[in-house]
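**Q** Would you mind keeping the following structure in view while I ask a few things?
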Amino acid sequence: MDETTSYPPIEPSNFDLIVVGTGLPEAILAAAASAAGKSVLHLDPNPSYGSHYASLPLQEFTTYIESHSSQSSANLPIPQSDMDSGFTRVPLTTRPLYSSVEITSYSLEPLEQSRKFNVDLSGPRVLLCADAMIDLILKSEVNQYMEFKSIDGSFISDGEGNLESVPDSRSAIFKDRKLSFTEKNQLMRFFKLVQGHLEAAAAADGGESSESKSISEQDLESPFVEFLSKMGLSAKLKSYRSNRLSLSVSHSFLFSAIPFCFRIVLYAIAMAEYDQENGDVCKSVLKTKNGIDRLALYHSSVGRFPNAPGAMIYPIYGQGELPQAFCRRAAVKGCIYVLRMPVNSLLMDKASGSYKGVCLASEQELFSHKLILAPSFVVQLPLPHSSPDAHDFGSRNATEKLARSICISKHSLKLDVANCLAFFPPRSLFPEQVTAIHVLQLSSNVAVCPSGMFLTYLSAICEDDVQGKKLLHAAINVLFHVPVSGISGNNNNFAEDQSETGDAKPALLWSVLYTQELAKFQDVLDNIIRTPMPDGSPYYHDLLGATEKIFQELYSGEEFFPKSTSPEEGAAQELED
C-alpha cells in the first residue's frame, strides 16, 4: 500500500504559501512567512528534513547522492487538463543535481558503523560567530533547538599538505613562527589601517567625527590584491611574476615566492575563490571594500561567545540540524508539515495560465497564492500562455559546478587538532589550479562520526567534472595516504596505526567524490520561486542574503523575522508517519 494514501486529507486546503522541499532556504522562508502571520504548508517527498542541506547516516548519504545523480529514463508526463475544473495539471518532475559520483572503500569499518555518521550533503561549511546567520539564529530563537561547538582553528596549506595556522589576533601574529619579523610588522600595520577605517566608517554613520583615517574610495573600488600589494603584503610578487615565465623554475618555488601573509589575508580570511593574481582565469575579482568587510567579519567573530574562543562554530550532529531547527520554529508559529508526500503536479488556471495550487501524490488538490520549490524540481513547459520555445522552469544549466569530496580516516590531519578549517590557495597544488580548495575536518566530539574516526570535507569551484576531480584528487593525495585500489572483501586491518607504519599522513578508509550543480540564481515565474543550491562558500552569508531576497520578492515590505514577543507560541502541527 502506498504510504501517501495513509494520510488523512490536509485541512485547510487553502494557504498563503506552499513550500516544497525542506532544505535550509526553504526552511528559513517557511519560518519567516509563518512568523509574519502567513498560513504555510511545508511538504517534502523525503522521509527526513533537510533535502540538499541534510546530514545523513553514511549509507543513506550514498543512496541519496546516487539517486539524485541520474535522470529517470521514463517518458516525462505531459500537462493534463482537468475536465471537472478550470485547472490544467502541469507535471512537477525532478532533475539530477549531482554527477560523476565516485565512491571508494578501503575498509568495511565505516559502512559497518553507518548509523553513527551524520554526513553533511552541503559540506564543508561552518558558522562564523559574527555572521548574519548567527544573528538570525538568535533573533528567531532557533538556537533553543541546537547546540554548537567551537572549531579549533583555521589553517592554510602548501602543495605538500603542511598546515600552517591562520593567526586570528595580535598575539597569534607575534607567536607565529612561519611569519618573518618583517611580515609580522606588515600584517600589524595593515590590520591597524583596516581597524582605523572601520572606526571612521562607524563614526561617520553615527554622525560623529573620528581621528582615524579612512581608506580612500578609489582604493575601496580597486581589486583587493592590488591594495594588498600597495600595503606591502606582496613584496615578493614582482619577482614571482617574472619567474613564473621561466620553465626552469619549479612550481614549489613559484608558490613559495608568494608571501605567507599575503596568502593568509587573501584566501584564508577574505575568502577569495579565484586566483586573484591572474586576470585571465579570475572569474570573480574581489574588491577591496568586500575584502575589508570580510576581514571585519572574521575579526568580530573571534571570541564573540565565551565558550567559543575562535572565530567559527559548528552544529553538534551536523549542518542538517539548521533546517530542522527552522522547521520546528515554523511549526511553532502554525506551519503544517507533511513528509513523505510528493507533489505530482501544479494547478494552473486554464484561462490565465497563472499558478493556483498543487496536486499531491494522494490526489488531493491544495491551493495557495505563492509557491516555493527546492532546486531539484522542474516544471514541464510550455505552460498555458507561455512561449512555445520556453525552456522547462528550473532546468537551466549553470555555468559553474562545485566539486565535493568526503574522506574518512582514523587520524587527524593535524596532531592534537580535532575540528579545523583549512585552505589550499590557487596554484598551491599545481600551476593550473585556478580556484581555492576548502577543507573541513570534524571529529566525534561534534557527533558526526564514530569515536576514533575523522570526517573530512573538501570542495572547489570548477568548470566541469574532469577539472573538479583533478582538483580534489590533488588535495586528497597530499593530505592522506591513499591505497592503490579499493577493497573487494573484509580488510579492516588496512588502516594501521600511523606510528607503526611511519606514515605521517592519515590512512584513508573511505571516500566519495562528486560534482554538484552550482546554481546561484533563483527562477521567478508567476508566483513560483525556486531556491538556490548550496553555494561554494564555507560560510552562510551569501546563502542567507539570497534567501532574504526571495522573502522580499514574496512579501515586499514585510519584516524578515519580526522580533518574537514570547517563546513557544501555539502548537506545532505535524503530519508525519
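The values are calculated or read from the model by the stated rules, or taken from the named source; none is laboratory data. In this text the structure is predicted, and so the values were computed from the model without any measurement. Here Cβ is always computed from backbone atoms with ideal geometry, including for glycine, and neighbour counts include all displayed protein chains. Quick note on the areas: whole protein, heavy atoms, side chains included, nothing else; ligands and nucleic acids left out. Shrake-Rupley method; radii C 1.70, N 1.55, O 1.52, S 1.80 Å.
Let's see how each residue does on (1) within 14 Å of R404 (Cβ to Cβ); (2) at pLDDT below 65; (3) crowded, with 16+ Cβ neighbours inside 10 Å:
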| residue | (1), (2), (3) |
| --- | --- |
| L58 | no, no, yes |
| F61 | yes, no, yes |
| N75 | no, yes, no |
| Q80 | no, yes, no |
| S85 | no, no, no |
| R89 | no, no, yes |
| R95 | no, no, no |
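**Q** Determine whether L458 is under 20 Å from the mean Cα position of the chain (by Cα) and at pLDDT 95 or above.
**A** yes
**Q** Anything in segment 330-344 that is in a helix (DSSP H, G or I) and open to solvent by 10 Å² or more (accessible area, probe 1.4 Å)? List them, or say none.
**A** V332
**Q** Select from segment 275-300 the residues that are open to solvent by less than 10 Å² (accessible area, probe 1.4 Å) and of a type in the set (V, I, T) and list them in ascending order.
**A** Selection gives T288, I292.
**Q** If you take the residues in segment 548-566 that are open to solvent by 80 Å² or more (accessible area, probe 1.4 Å) and either at positive phi or modelled with pLDDT under 90 (or both), which one is farthest from the chain's Cα centre (by Cα)?
**A** T565
**Q** Which residue pairs have Cβ atoms under 7 Å apart, sit 6 or more places apart or on different chains, and have a first residue in segment 303-317 that is under 17 Å from P538 (Cα atoms) and a second that is at pLDDT 95 or above and loosely packed, with under 15 Cβ neighbours inside 10 Å?
**A** I316/E147
**Q** Quick check on my filter: what residues within segment 345-376 are within 19 Å of N527 (Cβ to Cβ) and open to solvent by 20 Å² or more (accessible area, probe 1.4 Å)?
**A** Result: D349, K350, A351, S352, S354, K356, E365, F367, H369, K370.
**Q** Does V448 satisfy the criteria of being at pLDDT below 90, in contact with a strand residue (DSSP E or B) (Cβ under 6 Å, 6 or more places away or on another chain), crowded, with 24+ Cβ neighbours inside 10 Å and at negative phi? First the steps, then the outcome.
**A** Values: at pLDDT below 90: no; in contact with a strand residue (DSSP E or B) (Cβ under 6 Å, 6 or more places away or on another chain): yes; crowded, with 24+ Cβ neighbours inside 10 Å: yes; at negative phi: yes.
In short, no.
**Q** Could you give me the residue pairs with C-beta distances under 6 Å whose first residue belongs to segment 130-152 and is within 20 Å of A422 (Cβ to Cβ) and free of Cβ contacts under 8 Å to residues at least 40 places away in the same chain, whose second residue is among the polar types (S, T, N, Q) and outside any loop (DSSP other than H, G, I, E, B) wherever it lies, and which are 6+ apart or on separate chains?
**A** Qualifying pairs under 6 Å: none.
**Q** Let me ask something else. Just one of the numbered conditions (1) among the small types (G, A, S); (2) farther than 20 Å from P167 by Cα; (3) in contact (Cβ under 8 Å) with a residue 40 or more places away in the chain; (4) open to solvent by 10 Å² or more (accessible area, probe 1.4 Å) is not true of G320; which one?
**A** The single condition G320 does not satisfy is (4).
**Q** How many of the residues in segment 128-149 are surrounded by fewer than 21 Cβ atoms within 10 Å (Cβ to Cβ) and within 24 Å of E273 (Cα to Cα)?
**A** 4
**Q** So which of R125, R170 is among the basic types (K, R) and either crowded, with 23+ Cβ neighbours inside 10 Å or modelled with pLDDT of 95 or more (or both)?
**A** Of R125, R170, the one residue that is among the basic types (K, R) and either crowded, with 23+ Cβ neighbours inside 10 Å or modelled with pLDDT of 95 or more (or both) is R125.
**Q** Let me ask another. When the residues of segment 9-56 are narrowed to those that are in contact with a His (Cβ under 6 Å, 6 or more places away or on another chain) and open to solvent by less than 30 Å² (accessible area, probe 1.4 Å), which ends up farthest from P96 (Cα to Cα)?
**A** That would be A30.
**Q** Report, by residue number, each residue of segment 2-52 that is within 18 Å of K549 (Cα to Cα) and part of a helix (DSSP H, G or I).
**A** Passing the criteria: L24, P25, E26, A27, I28, L29, A30, A31, A32, A33, S34, A35.
**Q** Another question, if that's okay. Please go through segment 276-305 and pick out each residue that is within 23 Å of Q218 (Cα to Cα) and of a type in the set (G, A, S).
**A** If the condition is that a residue be within 23 Å of Q218 (Cα to Cα) and of a type in the set (G, A, S), then G279, S284, G291, A296 are the ones that fit.
**Q** Okay, moving on. Run down A268, A311, A272 and say which single residue is open to solvent by less than 10 Å² (accessible area, probe 1.4 Å) and within 24 Å of Q144 (Cα to Cα). It would help to see each step written out before you state the result.
**A** On the way: A268 fails: within 24 Å of Q144 (Cα to Cα); A272 fails: within 24 Å of Q144 (Cα to Cα).
Result: A311 is the single residue among A268, A311, A272 that is open to solvent by less than 10 Å² (accessible area, probe 1.4 Å) and within 24 Å of Q144 (Cα to Cα).
**Q** Can you name the condition, by its number, that D176 falls short on among (1) within 27 Å of P309 (Cα to Cα); (2) in contact with a Ser or Thr (Cβ under 9 Å, 6 or more places away or on another chain); (3) open to solvent by 30 Å² or more (accessible area, probe 1.4 Å); (4) without any contact (Cβ under 8 Å) to a residue 60 or more places away in the chain?
**A** Evaluating D176 over (1) within 27 Å of P309 (Cα to Cα); (2) in contact with a Ser or Thr (Cβ under 9 Å, 6 or more places away or on another chain); (3) open to solvent by 30 Å² or more (accessible area, probe 1.4 Å); (4) without any contact (Cβ under 8 Å) to a residue 60 or more places away in the chain leaves (3) as the failure.
**Q** Go through segment 451-481 and give me each residue that's open to solvent by 10 Å² or more (accessible area, probe 1.4 Å), within 20 Å of V166 (Cβ to Cβ) and touching a helix residue (DSSP H, G or I) at 6+ places or on another chain (Cβ under 7 Å).
**A** Hits for segment 451-481: nothing passes.
**Q** Looking only at segment 116-146, which residues are assigned to a helix (DSSP H, G or I), touching a Phe, Trp or Tyr at 6+ places or on another chain (Cβ under 7 Å) and among the aliphatic types (A, V, I, L, M)?
**A** Result: M133, L136, V142.
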